[in-house]
Amino acid sequence: MKDILVSGASIAGPVTAWWLHRFGFRPVLVERLSTGPRGGHAIDVRGKALAVLEAMDLEHAVRANAMRMKGVSIIDDDGKEVWRSEEMTISGGPLDNPDIEILRDRLANTLVNALPKEVPVCFGNSIVDVQETEEGVDVAFKSGERRRFDLVIGAEGLRSDLRRRCFGVDEEFLRPFGIALAPFSAPNTLGLKDWQISYKGAAGGYMVYPTPENDQLRVCFSVPASLGEDLGNRAEQMARVRERTMHLGWKTGHFLEAMESAPDFYLGLIAQVRMDRWSKGRIAVVGDAAYCPSPYSGQGATLAIVGGFVLASEIARSPEDHAAAFARYEARMRPFVELNQAIADLTRDERFERDPGYYGDIVVPAIEKAKNAIVLDPGDFARV
Ligand SMILES: Cc1cc2nc3c(=O)[nH]c(=O)nc-3n(C[C@H](O)[C@H](O)[C@H](O)COP(=O)(O)OP(=O)(O)OC[C@H]3O[C@@H](n4cnc5c(N)ncnc54)[C@H](O)[C@@H]3O)c2cc1C
């Protein structure tokens, strides 16, 4: 077994492909977008995911691109600061620890650029048909190409098309939280410097923070949304965001104007993915496609990185027995996934907003425990 297709080139996909290549396989990475992820939000790389990046010799490169935020202010409808911290941010948690907060597009680009030149990365392409046979998986691509692979790995995120084709409809696996988030870039008209603002008005709020160079802001609105709903095209999505947020105070009108011309605007449903099995025959899923913990947990990038490594190392452990490899991948990852997904229940608890001690006393210790709750064999890092 040698040829493995990995679909999705954000976090889980490139990590899986990198390790598969390292273990002697021939991975091919395919990404629906023409350039890979653009824009996006700040995500966290924590605990065992840092160990995986270090083993890939990438921790330095990722740290060099990290957010540089030094704290957060909570402001009211008039922009008046009502609370501040120089010890934590809302998006990244406590500052005094080795975890890395980084924009998703920068992490994805760093991971894709780290792939050896022998790993083909096909942007602007996707799977249009997949048929499993005794000998392999016959895949047809949007480009018109057809090819047989030994295994196919879906790293396509929350709304994975491969998962839909091979495992079942989204309604079976997604546990929605009733909202959609709309992150987008805007010029740094606030002059924010390494500082995050969480606007909490009487009728709602949103978060704003600068990129590491402080030249741009990333703004994140939220609107009610449900799983069955079609969120529409870009214009319809923007109309929905406008309609649901225009009554808010502070600088909402200004940011809604900036949203109109944001090249990276998107509106995405917030949900967890809960699946009984992460593989079927020769097809497996990894990262958000398999076990999205949702932004409420802040652990999605960590699960995607660790999941990609564990999946690749288990395939390498029994290259001629993918069923056994997938079973071990599930057995090792499931307790880790469950602990990390459970953090979302803690941050959605009403005490999160109300009780000032709740975050430090309850949420932070839970993240500390969950981020390291899997044993990674150092021998796997070295194995070739
Ligand atoms: C607003 C927001 C805030 C977040 N905050 C945090 C946080 O603070 N901390 C944290 O750790 N995580 C956070 N997350 C979650 C984090 O972004 C994800 O968990 C992480 O990106 C998962 O990586 P992934 O590679 O599994 O999936 P994704 O990053 O979703 O990537 C999937 C990739 O597959 C591609 N793709 C999709 N369909 C196809 C197809 N049919 N064919 C080919 N390619 C396809 C996509 O274009 C994309 O490049 C947040 C998410 C959101 C939306």
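The values are calculated or read from the model by the stated rules, or taken from the named source; none is laboratory data. Worth saying up front: this structure is predicted, and the values here are computed from it rather than measured. Neighbour counts are summed over all protein chains in view; Cβ atoms, including those assigned to glycine, are modelled from backbone coordinates with ideal geometry. Quick note on the areas: whole protein, heavy atoms, side chains included, nothing else; ligands and nucleic acids left out. Shrake-Rupley method; radii C 1.70, N 1.55, O 1.52, S 1.80 Å.
Points to keep in mind about this one:
- Candidates are the residues of region 242-259 that are more than 16 Å from Tyr199 (Cα to Cα) and touching a residue at least 60 places away in the same chain (Cβ under 8 Å); the one that is most open to solvent (accessible area, probe 1.4 Å) is Ala258.
- Restricting the first member to region 268-297 and to residues that are without any contact (Cβ under 8 Å) to a residue 40 or more places away in the chain, and the second to residues that are within 7 Å of the ligand (Cβ to nearest atom), no beta-carbon pair is closer than 7 Å while six or more apart or on different chains.
- Some residue of region 221-228 being buried (at least 17 other Cβ atoms within 10 Å of the Cβ) and of a type in the set (Gly, Ala, Ser): yes
- Scanning region 229-241 for residues that are touching a strand residue (DSSP E or B) at 6+ places or on another chain (Cβ under 9 Å) and open to solvent by 60 Å² or more (accessible area, probe 1.4 Å) yields one hit, Glu229.
- Number of residues in region 45-65 that are touching a strand residue (DSSP E or B) at 6+ places or on another chain (Cβ under 7 Å) and open to solvent by less than 10 Å² (accessible area, probe 1.4 Å): the value is 3.
- Every test in (1) in contact with a Cys (Cβ under 7 Å, 6 or more places away or on another chain); (2) loosely packed, with under 15 Cβ neighbours inside 10 Å is passed by Gly168 save one, and that test is (1).
- Residue within region 140-162 that is of a type in the set (S, T, N, Q) and part of a strand (DSSP E or B) present: no
- There is no residue in region 276-284 that is in the same structural domain as Pro183 (by TED's automatic domain parsing) and within 14 Å of the ligand (Cβ to nearest atom).
- Evaluated against (1) within 11 Å of the ligand (Cβ to nearest atom); (2) over 15 Å from Asn109 (Cα atoms), Gly40 falls short on exactly one condition, (2).
- Each residue in region 15-32 was checked for being of a type outside the set (S, T, N, Q), crowded, with 24+ Cβ neighbours inside 10 Å and under 17 Å from Phe381 (Cβ atoms), and 5 pass.
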